[in-house]
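Take a look at the structure below.
The values are calculated or read from the model by the stated rules, or taken from the named source; none is laboratory data. Fair warning: this is a prediction, and the values are worked out from it, not measured in the lab. Note that we place each Cβ from the backbone using ideal geometry, even for glycine, and neighbour counts take in every protein chain shown.
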Amino acid sequence: VSMAGDQMSNGTKNRTKAQIDEAIDFIGASLNTSSGGIFGSSLTKHQGKLLDVMTDVLYNPIFPQAEFDKAKTQTLSGLASAKTDPSAIGSNVSNIVNYGANHPYGEVQTEETVNNITLDKVKEFYNTYYKPNNAYLIVVGDTNLKEVQDIVRKYFGNWKKGVVPSPKYEMPTSPTSTNVHFANKDGAVQSVIRITYPIEYQPGNPDAVPASVMNSILGGGIFSGRLMQNLREDKAYTYGARSQLSSDQLIGNFSASASVRNEVTDSSITEFLYEMRKMVTDGVTADDLQLAKNSLAGGFARSLESPQTIARFARNTYKYNLPKDYYNTYLSKLEAVSQADFEAMAKKYIRPENANIIVVGSKDDVADKLNQFDADGKLDYYDAYGNKLVIDDSAMTGDITVEEIVSNYIEALGGKAKLMGVTSMKTVMVMNVMGQDAETVMMQKGNNKMKMVMSMGGNVMQETIYDGSIAAVGGMGGSQKITEGPQLASMKEQAQMFGHLKYPTEKTMELKGIEDVNGEKAYKLSVVDKEGKKSTEYFSMSTGYLLKVVSTQGEGEQLQVVTTELSEYKPVDGVMVAHKIDIIGAAPFPLNMKVTEVMVNKPMADTEFLIK
């Protein structure tokens, strides 16, 4: 759906994408297409030129295959990042538990669903739904009715009506008790909390104005909401805690959310529920009520400065059959909201005992403290896409030790003797970075020297060298020597070609359970080094291979959770090497690397690791 709208402006029967962009830029206009329609804006004197292009895009899109393929690639790249983004995961789980997987609002975008999109389906959506009897034409500007009517006849008069499907969907039901839904994110130092449930709250609902006042007092505004005052100002659990009542033609929802530190996740949920219950039982003072009304009135007045707001008001009036004076009388309706109205709205829409509590965070650090909030005392677990998981901690049998798991991995790679006989390795990897091919060459020698060079277009972007004692990091902006600290320790570890050989003596390991990694059952190990740095590693139960590593980089607010997935193990001179490495979290975009060459025990001069 979204792809069809986005693709419309990528070329028509009369203009290429470049010609469309040039025509719009030349008159200083803007033109945007989406699954919801087309928006254009220009000076009045250029409206004819804008409408020429706009209607060409509306009537004659050709949906170029190359642009469609590019959009799919970009979407898949975004999904790779989203599956480790706690907020995106929380949104996926919320949609599933609120609406159900069979409702359109419960659909979650995955690699599979994106790959199933074809250009024919995009064209089918356009041909089915882009009809005048399924559209509203809104004009805002310095004009009059006759001019607009002339414009409509000239530019839209020949637009042909069609049969537009009107699908019916089963109405989602609110939870009958409080349920906790948990999605694990290893290495997370914060938990994303959402307390949410569906509500019948359509646009134009008679409750809209008093309900918005009530929600503003709970969690609206910037710092004035009770949630913000409690969780941020009083307890410093979070930077922001807010709530929202969202209207929708099919089904609305209530949501209250915050990102909090692991150690206060349960306390934060307690305070969320406390404030929600207080809304229902304690009401509001006259002063707080007036403050909220004043804030909403000011926001409404400021919104009228935007032509898009005026257009939205006009569309809503007709689309939802609102009274013609619905927005003109908004301020008077707002001022009329009473304390009794507040209490009625709180009792109707705030449901602390019938809510879905979604938490995305570190299962090992957080989950055991959350059973108290679930009506039956048991958490429901989900993956990043909202698929329900069966978590069976009893599957953590005692017949295998962490040492055996690591030993099995070493054996799968070729065996201890073979790995200890490797004195040097050179690995060449390629990846696509923002449309350009980048190459990374990793050289390791004697388990105490390392060199990594990343280049693009023949130019060295970054070079890292560890000579066994000190390190240097250089690039286009100069070079820096590193003689101590965590960064040096990290490079020393990277010099180890098969670091797991030293795990039994240099790491503290704990078997945390059995989890699914891309459809494969894996042992989950918590690993802590001598400096206290933690990581989580997943080893295939069937092959023994290392499948995934979750670690952290940086400190404080700069802390990043980095997920590395390894696959496509292939033999190279008797050693199994992962030929596909996907890293998420180390950069603003996923790093999807393919190994193109591996050289084992080939001559490698010490001068390669010389630091000048």
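Could you check region 497-612 for strands (runs of 3 or more DSSP E) lying wholly inside it with 2 or more residues that are in the same structural domain as residue 409 (by TED's automatic domain parsing) and within 22 Å of residue 444 (Cβ to Cβ)?
520-529, 534-540, 546-553, 560-572, 575-584, 591-600
Across region 503-526, what is the total count of residues that are more than 27 Å from the chain's Cα centre (by Cα) and touching a residue at least 12 places away in the same chain (Cβ under 8 Å)?
Result for region 503-526: 8.
Let me confirm something: among 342, 313, which residue is under 12 Å from residue 213 (Cβ atoms) and of a type outside the set (Asp, Glu)?
Matching residue, one of 342, 313: 342.
Just checking, how many residues over region 110-134 are surrounded by 16 or more Cβ atoms within 10 Å (Cβ to Cβ) and either outside any helix (DSSP H, G or I) or at positive phi (or both)?
Total meeting the criteria: 3.
If you take the residues in region 200-246 that are farther than 17 Å from residue 351 by Cβ and among the hydroxyl-bearing types (Ser, Thr, Tyr), which one is surrounded by the fewest Cβ atoms within 10 Å (Cβ to Cβ)?
Once the filter is applied, the top-ranked residue is 239.
Checking residue 148 against (1) under 25 Å from residue 517 (Cα atoms); (2) among the β-branched types (Val, Ile, Thr); (3) surrounded by fewer than 16 Cβ atoms within 10 Å (Cβ to Cβ), which test does it fail?
Residue 148 satisfies every listed condition except (1).
With modelled with pLDDT of 90 or more, buried (at least 17 other Cβ atoms within 10 Å of the Cβ), assigned by TED's automatic domain parsing to the domain that holds residue 363 and among the aromatic types (Phe, Trp, Tyr) as the only criterion, which of 385, 466 stands out?
Sole residue among the options that is modelled with pLDDT of 90 or more, buried (at least 17 other Cβ atoms within 10 Å of the Cβ), assigned by TED's automatic domain parsing to the domain that holds residue 363 and among the aromatic types (Phe, Trp, Tyr): 385.
Among the strands (runs of 3 or more DSSP E) lying completely within region 153-262, list those that include at least 1 residues that are closer than 30 Å to residue 525 by Cβ and either modelled with pLDDT under 95 or basic (Lys, Arg) (or both).
Result: 179-184, 190-199, 252-261.
Just need a number here: residues in region 275-284 that are surrounded by fewer than 16 Cβ atoms within 10 Å (Cβ to Cβ) and touching a residue at least 40 places away in the same chain (Cβ under 8 Å).
2
Looking at region 511-524, which of its residues are of a type outside the set (Phe, Trp, Tyr) and surrounded by 13 or more Cβ atoms within 10 Å (Cβ to Cβ)?
511, 512, 513, 514, 515, 516, 517, 520, 521, 522, 524 - these are the residues of region 511-524 that are of a type outside the set (Phe, Trp, Tyr) and surrounded by 13 or more Cβ atoms within 10 Å (Cβ to Cβ).
Do we find that residue 354 is surrounded by 13 or more Cβ atoms within 10 Å (Cβ to Cβ) and touching a residue at least 40 places away in the same chain (Cβ under 8 Å) in this structure?
Judged against the criteria, residue 354 is a match.
Out of the residues in region 432-449 that are under 31 Å from the mean Cα position of the chain (by Cα) and at positive phi, which is surrounded by the most Cβ atoms within 10 Å (Cβ to Cβ)?
The qualifying residue surrounded by the most Cβ atoms within 10 Å (Cβ to Cβ) is 434.
Among the residues of region 452-461, is any farther than 20 Å from residue 587 by Cα and either part of a strand (DSSP E or B) or among the small types (Gly, Ala, Ser) (or both)?
Yes, region 452-461 contains at least one residue that is farther than 20 Å from residue 587 by Cα and either part of a strand (DSSP E or B) or among the small types (Gly, Ala, Ser) (or both).
Scan (1) in a helix (DSSP H, G or I); (2) under 24 Å from residue 561 (Cα atoms) for the single condition residue 372 breaks and write down its number.
(2)
If a residue must be loosely packed, with under 15 Cβ neighbours inside 10 Å and either of a type in the set (D, E, K, R) or out of contact with any strand residue (DSSP E or B) (no Cβ under 9 Å at 6 or more places or on another chain) (or both), how many such residues does region 301-314 contain?
6
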